[in-house]
1. When the residues of the range 296-322 are filtered to those that are in a loop (DSSP other than H, G, I, E, B) and open to solvent by 20 Å² or more (accessible area, probe 1.4 Å), which remaining residue is nearest to G360 (Cα to Cα)?
2. Against the conditions (1) assigned to a helix (DSSP H, G or I); (2) open to solvent by less than 10 Å² (accessible area, probe 1.4 Å), where does P94 fall short? Just the number, please.
3. May I ask you to list the residues in the range 376-414 that are outside any helix (DSSP H, G or I), of a type outside the set (A, V, I, L, M, F, W, C) and touching a residue at least 40 places away in the same chain (Cβ under 8 Å)?
4. Is one or more of the residues making up the range 56-63 within 18 Å of K148 (Cβ to Cβ) and in a strand (DSSP E or B)?
5. For the structure I just gave you, tell me whether D75 is closer than 22 Å to L149 by Cα, under 31 Å from the mean Cα position of the chain (by Cα), in a helix (DSSP H, G or I) and not hydrophobic (A, V, I, L, M, F, W, C).
6. Quick check on my filter: what residues within the range 271-293 are assigned to a loop (DSSP other than H, G, I, E, B) and either within 23 Å of R388 (Cβ to Cβ) or modelled with pLDDT under 95 (or both)?
7. Quick one: which helices (runs of 4 or more DSSP H) lie wholly within the range 149-246 and hold at least 2 residues that are closer than 30 Å to Q137 by Cβ?
8. Of all residues in the range 323-336, which are open to solvent by 60 Å² or more (accessible area, probe 1.4 Å) and touching a His at 6+ places or on another chain (Cβ under 8 Å)?
Amino acid sequence: MKSEIIAVGSEMLTPHRQDTNSLYLTEKLNEIGVTVAFKTIVGDRKRDLVGVIRNALARTDIIILMGGLGPTEDDLTREAVAETLSLKLKRDAPQVAALHARAATWRITMPENNLKQADLIEGATFLTNPNGSAPGQWLETTHSGYRKLIMLIPGPPHECRPLFDEECLPRLREIVPVRHLARRTLKAAMIPESQADKLLAPIYTTFTDVETTILAHAGDIQLTLLCSKPNKELAEQRVEELATKLEEALDDWMYSAEGESLEQIVLYYLGLRQATLAVAESCTGGMIAQRITSVPGSSRSFLGSVVVYSNEMKSAFADVPANLIERHGAVSSEVASALAEGIRKKTGATLGLGITGIAGPGGGTETKPVGRVYIAVSDDQKTDAFERNFRGDRNRVREWASQQALDLVRRKLM
């Protein structure tokens, strides 16, 4: 069964608020075999709400509306659903009493406009909301001859999520055909998205019962495989079959078959080799260290990092000779190599990683443009240096550089 989640609220169409509830609801729906086909955000205008609900009725089986159930003039979700389905709203006496009782426990006089929260859509059932004054509503109806399930739930996360878990999920489990979802996330580093899709599309398009999505970000490709079947074993088998073929095609571009981050994999290899890593960073400004130390237990393999932004710091903390910087420039393969060798020797690490570059927006030249980065990885046998050119703004260059640096360490340890 397909579902649509509709987040109601004009505030979520501004830069200051975002819908986070839908992520939670999607996870819960997937657990019972329901896929989310659409997510919509709509403002507090009844005409727009009616249009969105009509679209949802035409294309999905389950519709969840979050928000717009409060007492104010712009809380119009109940009214919009009723209008769309040509149903009446009826003020429910027991719910009116419950609202008065709730106000009494707070020792306040309930404003008159709160009573609209007791308006029940014809044929619907109230859903208890112990964390707020606005109850949810559950409605089973038909539209164009098809059965539809409609849920109205409050928007605040501390009300939305418990109500959905306690009131909606049990009802859905009784109705939704038993389906099991199998999910797998594969990750690859530093392969262009177009190249990855050219390589992989001929494979995953033959698995018509497995939904495959590709997400690319700063040198990272994430493939999510999703399969729904009547039993768990069959769903997992199909995902495993496809994953195996994709892994073979990606070869050493791929670094994770279970959704781990690149920094997690680097630390895994370091632990496997009983090796340690130290980093001297210039243009990335500590980003590599931040990524590595975000992983619990990283101190077992990561000795530390120094941010050596100035030439003086490169010499003081990574023993880069001043005349080397003067001769080749701070942004050069020679300086990157010296950073890697210097930090390795200074800390006693198994591997040293050095990185220097021009992140921009200024500082570039014709021979060394913005985006030019040099990365070096050193062990006690040799030092390998690499030149890379990344496009984008300052932060994007730094993200790409940190991704490339970690991937080079991974490949060194493979």
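1. If we filter the range 296-322 for residues that are in a loop (DSSP other than H, G, I, E, B), which is where we start, we get 296-297, 301, 308-310, 319-321.
Pick out the ones that are also open to solvent by 20 Å² or more (accessible area, probe 1.4 Å) and you get 296-297, 309-310, 319, 321.
Working: P296: 32, G297: 34, Y309: 14, S310: 16, D319: 26, P321: 25 Å.
The qualifying residue nearest to G360 (Cα to Cα) is Y309.
2. Unmet condition: (2).
3. S378, T383, E387
4. Residues of the range 56-63 that are within 18 Å of K148 (Cβ to Cβ), as a first pass: 56-63.
Subsequent filtering for residues that are in a strand (DSSP E or B) retains 62-63.
Yes; the residues of the range 56-63 include at least one that is within 18 Å of K148 (Cβ to Cβ) and in a strand (DSSP E or B).
5. no
6. S282, C283, T284, G285, G286
7. On the way: elements: 157-163, 169-175, 193-204.
Answer list for the range 149-246: 157-163, 169-175.
8. E334
The values are calculated or read from the model by the stated rules, or taken from the named source; none is laboratory data. A quick note: this is a predicted structure, and the numbers were derived from the prediction, not measured. Positions of Cβ are generated from backbone atoms using ideal geometry, with glycine treated the same way; all protein chains shown enter the neighbour counts. All accessible areas refer to the heavy atoms of the entire protein, side chains included, with ligands and DNA or RNA removed. Shrake-Rupley method; radii C 1.70, N 1.55, O 1.52, S 1.80 Å.
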